[in-house]
1. Residues of segment 289-308 being aromatic (Phe, Trp, Tyr) and open to solvent by 10 Å² or more (accessible area, probe 1.4 Å), which ones?
2. Mind checking which residues of segment 346-362 are under 24 Å from His306 (Cα atoms) and touching a residue at least 24 places away in the same chain (Cβ under 8 Å)?
3. Hey, which of the strands (runs of 3 or more DSSP E) in segment 201-288, taking only ones fully inside, have at least 2 residues that are closer than 26 Å to Ser159 by Cβ?
4. Given the conditions (1) surrounded by 18 or more Cβ atoms within 10 Å (Cβ to Cβ); (2) in contact with a strand residue (DSSP E or B) (Cβ under 6 Å, 6 or more places away or on another chain); (3) modelled with pLDDT of 75 or more, which single one is not true for Trp340?
5. When you scan segment 390-403, do you find a residue that is under 26 Å from Cys342 (Cβ atoms) and either modelled with pLDDT of 85 or more or in contact with a His (Cβ under 8 Å, 6 or more places away or on another chain) (or both), even just one?
6. Among strands (runs of 3 or more DSSP E) lying entirely in segment 127-192, which contain 2 or more residues that are open to solvent by 60 Å² or more (accessible area, probe 1.4 Å)?
7. Can you tell me which of Ser258, Ser207, Ser239 is crowded, with 23+ Cβ neighbours inside 10 Å, in the same structural domain as Ala43 (by the TED database), of a type in the set (S, T, N, Q) and free of Cβ contacts under 8 Å to residues at least 60 places away in the same chain?
8. Could you tell me which of the residues Thr27, Thr83 is touching a Gly at 6+ places or on another chain (Cβ under 8 Å), open to solvent by less than 10 Å² (accessible area, probe 1.4 Å) and under 26 Å from Cys249 (Cβ atoms)?
Amino acid sequence: MATLIHTLADHSDDVNCCAFSSSCLATCSLDKTIRVYSLRTFAELPYSPLRGHAYAVHCCCFAPSGLLLASCSTDGTAALWDTRDGRRLALLEQPGASPVRVCRFSPGATHLLAGAADGSLVLWNMQSLKPYRSGNVKDGSLVACAFSPNGNFFVTGSSSGDLTIWDDKMRCLCNEKAHDLGVTCCDISSHPVSDSESGFKYFQMASCGQDNQIKLWLILFTDFLGVELKCKRTLNGHSAPVLACAFSCDGQMIVSGSVDKCVVIHETSTGNTLHTLSQHTRYVTTCAFAPHSPLLATGSMDKTVHIWQLDLKQPCAGDTVEDESKVAVEDWSEDDVSAWLCAQDLADFVELFKMNNIDGKELLNLTKESLANELKIESLGRRSKILQKIEELRMTMTSASVPVPDEFLCPITRELMKDPVIATDGYSYEREAMENWISKRRSSPMTNLPLHSLMLTPNRTLKMAINRWLETQQK
């Protein structure tokens, strides 16, 4: 089983990444900060949050010792922090000042790899704090990277869909088109596997992408074949682009997070789904297993990080935590409604709803009048929150039965637009999402090119088309 034991809600904007050391959890966000928590109490450390980046922080990672923390940002830099007191030790500027999307320490912490939106990658020497090697992927932005457990090679993933294997001298060894619509994340298991027939040891790698898929790969180094990259299995547990994936420390599980707002834990050897977790209310952007304890952290655009306790004694399919959305809401039992209330931070209403025998059908029929007069909920704010969550359920039911036309979805949030506007790049966005975007950067979310003007024009034609489509769904 996977049990939600704590929720961190300190960030004021989307959570982009989370990372564990043996004693701490680090999270970073569009709000420009990195926050560091104790694993013993989940309390934020006294020096947290770490500030210093001028724009959104995309990624953070610990050195194997746990004494160093790295972060990288849209401001074109990677920063090094001392985890004992929060001091910033260095600021490493990416050549060309391109936004740095991802960073990883080598297993011996001798180098830090930083990859950027312009496709550049730099191996920084951690003693001299100077570039040791640099290179470029052949196409697209560099959005993912992972080191092998022995540090002899690393893998990068690009927005063009390529996975590239590099040696420790940054020579390209292999390039493979992995995900048609772009790679979003990759990870290499710290436990190689043996092939019983050949006797060779393979490195296991997972990658995920905009094609809704997670792929498991085997990487083999031989004297006569060079590097062989073979796709072992494709996992199709998500219904939308998969944004994050990570191996457990023993390599037996893979966790993934998606635009479908779900976290899925898979068994590596079979590909079977062990758990499906659906407590996040927006896209799941990051997930990580703790190295020495049965903990999992998941972060989301809902600005929260959930911490889960895993029961590793019985990791079998029979213990699967079902996603409420897989069962029709009108068929929910009273217990299903109670679980939903807890997931929406409305746990204090569980007893009230049970006393009134509120099942799925009754839940969908609740109104502001029945909440006030029948359930006697006095707080207007609490009644409004319950009704808002019920309306979101109804929208989920509608979107699950009939796919929303892609042109009605905001490119930033991938949610149905209510107030579409046209930006000067020619694309339409949800007004609130685009205003939030341009308050932090002056580039197009679709092309990454500079916007020559920040003017947003209402797209009334598109709004009318969306309203007409919604009316047809309600008939």
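The values are calculated or read from the model by the stated rules, or taken from the named source; none is laboratory data. Keep in mind that what you see is a predicted model, and the values were worked out from it rather than measured. So basically every Cβ, Gly included, is an ideal-geometry build from the backbone, and we count neighbours across all protein chains shown. Protein only, heavy atoms only, side chains kept; ligands, DNA and RNA dropped before computing areas. Shrake-Rupley method; radii C 1.70, N 1.55, O 1.52, S 1.80 Å.
1. Here is the first cut: in segment 289-308, the ones aromatic (Phe, Trp, Tyr) are 289, 308.
Listed by number, the list holds a single entry, Phe289.
2. Once the filter is applied, which keeps residues that are under 24 Å from His306 (Cα atoms) and touching a residue at least 24 places away in the same chain (Cβ under 8 Å), segment 346-362 yields Leu346, Phe349.
3. On the way: elements: 201-209, 214-222, 226-235, 242-247, 253-258, 263-267, 273-277.
Those strands (runs of 3 or more DSSP E) span 201-209, 214-222, 226-235, 242-247, 253-258, 263-267.
4. It is condition (2) that Trp340 fails.
5. Applying the first criterion (under 26 Å from Cys342 (Cβ atoms)) to segment 390-403 yields 390-401.
Going one step further and asking which of them are either modelled with pLDDT of 85 or more or in contact with a His (Cβ under 8 Å, 6 or more places away or on another chain) (or both), we end up with 390.
Yes, some residue in segment 390-403 is under 26 Å from Cys342 (Cβ atoms) and either modelled with pLDDT of 85 or more or in contact with a His (Cβ under 8 Å, 6 or more places away or on another chain) (or both).
6. 131-136, 172-177
7. Working: Ser207 fails: free of Cβ contacts under 8 Å to residues at least 60 places away in the same chain; Ser239 fails: crowded, with 23+ Cβ neighbours inside 10 Å.
It is Ser258.
8. Numbers: Thr83 fails: open to solvent by less than 10 Å² (accessible area, probe 1.4 Å).
Answer to the selection: Thr27.
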